[in-house]
Amino acid sequence: MIRRALDAGVTGAVLAAGDPEKVDAMVQVAREHGCAWMIGLHPWWADSPLADSLLERLEEEPLPHGLGECGLDYVRARDPHARERQIAALRRQLAIAVEREIPVALHCVRAWHDLYAELRVFKVRGLIHAWTGSAQQTREVLRLGLHVSVGPDVLRSSRARAGLAEVPLERLLLESDAPDRPVPGAEQGEPAHVSIVASAVAQSRGESVSTVLSVTGDNARRLLDYSSSWASS
């Protein structure tokens with residue numbers, strides 16, 4: 001997979017874990033292969049028996065590249081109590097990010113109104129990942145000072161492309177969202193697909209692919225304090 005990514009011009013990766021049971025394995029993989037990494041309590045696991053221990057770990061452990069994924073997902077949380085638990089976990093993580101001045105990677109599915117309200121209270125920096133929000137919602141993200149990260153959904157969604165048009169290049173990031181969101185025709189997402197996302201973004205914005213790759217790569221390295229790469233590891 002790394003060889004395919006290098007062949008596609010992708011020289012590094014940032015891994016983000018949210019499943020408390022898989023954090024240690026992911027960090028080990030990241031360290032072995034020269035990747036940056038983030039850990040957080042993903043909203044899907046807000047009800048996990050391990051949720052509290054992971055939150056305690058986030059409060060104590062060095063997080064050199066940031067905290068994430070965290071956020072809200074109202075497809076998974078359909079009743080008020082489940083949503084309250086997600087919001088409580090999110091607030092605890094945003095407070096950590098503010099106190100330690102580290103970036104966050106935010107997950108949002110059908111919960112933008114509530115996430116926006118929390119982000120107006122907690123003045124974090126970071127990114128909202130796999131973003132497919134409307135043009136209006138994208139402008140709200142930008143007003144919060146966040147970066148916008150787009151993945152393979154930009155190849156499928158006219159709404160995502162409309163939001164993309166609102167994003168200045170210096171606030172844009174690219175991602176594969178691997179393995180969950182493959183590009184059309186692929187069975188599984190992988191890092192090499194960032195090059196396909198970059199081509200779609202460049203076409204949508206009227207930019208060259210090389211410009212999109214160069215600027216978004218610089219954005220990611222600067223935001224996440226990330227300098228290592230597969231090519232040099």
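Readers should treat all values here as calculations from the given coordinates under stated rules, not as data from a laboratory. Keep in mind the model is a prediction, meaning the values are calculated, not measured. Note: ideal-geometry Cβ built from the backbone for every residue, glycine included; neighbour counts use all protein chains shown.
Quick rundown of the values:
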{"read-out": "Number of positions in the stretch 170-187 that are closer than 21 Å to Asn219 by Cβ and surrounded by 15 or more Cβ atoms within 10 Å (Cβ to Cβ)", "value": "9"}
{"read-out": "Condition check for Leu223: of a type outside the set (D, E, K, R), under 19 Å from the mean Cα position of the chain (by Cα), within 20 Å of Ile2 (Cα to Cα) and surrounded by 17 or more Cβ atoms within 10 Å (Cβ to Cβ)", "value": "no"}
{"read-out": "Residue identified as of a type in the set (Ser, Thr, Tyr), buried (at least 21 other Cβ atoms within 10 Å of the Cβ) and more than 16 Å from His107 (Cα to Cα) among Thr216, Thr211", "value": "Thr216"}
{"read-out": "Hits in the stretch 77-107 - residues which are of a type in the set (Lys, Arg) and either touching a Leu at 6+ places or on another chain (Cβ under 9 Å) or within 18 Å of His129 (Cβ to Cβ) (or both)", "value": "Arg83, Arg92, Arg100"}
{"read-out": "Extreme residue, farthest from Gly68 (Cα to Cα), among residues of the stretch 188-206 that are surrounded by fewer than 16 Cβ atoms within 10 Å (Cβ to Cβ) and of a type outside the set (Gly, Ala, Ser)", "value": "Gln203"}
{"read-out": "Top-ranked residue of the stretch 100-152 - restricted to ones that are of a type in the set (A, V, I, L, M, F, W, C) and assigned to a loop (DSSP other than H, G, I, E, B), ranked as surrounded by the most Cβ atoms within 10 Å (Cβ to Cβ)", "value": "Trp131"}
{"read-out": "Index of the failed condition, Gly66 passing every other in (1) closer than 26 Å to Val121 by Cβ; (2) surrounded by fewer than 21 Cβ atoms within 10 Å (Cβ to Cβ); (3) within 18 Å of the chain's Cα centre (by Cα)", "value": "(2)"}
{"read-out": "Candidate set from the stretch 9-37 (those that are more than 15 Å from the chain's Cα centre (by Cα) and acidic (Asp, Glu)); member that is nearest to Leu63 (Cα to Cα)", "value": "Asp24"}
{"read-out": "Where Ile87 falls short, out of the listed (1) within 24 Å of Leu15 (Cβ to Cβ); (2) more than 15 Å from the chain's Cα centre (by Cα); (3) buried (at least 18 other Cβ atoms within 10 Å of the Cβ); (4) of a type in the set (A, V, I, L, M)", "value": "(1)"}
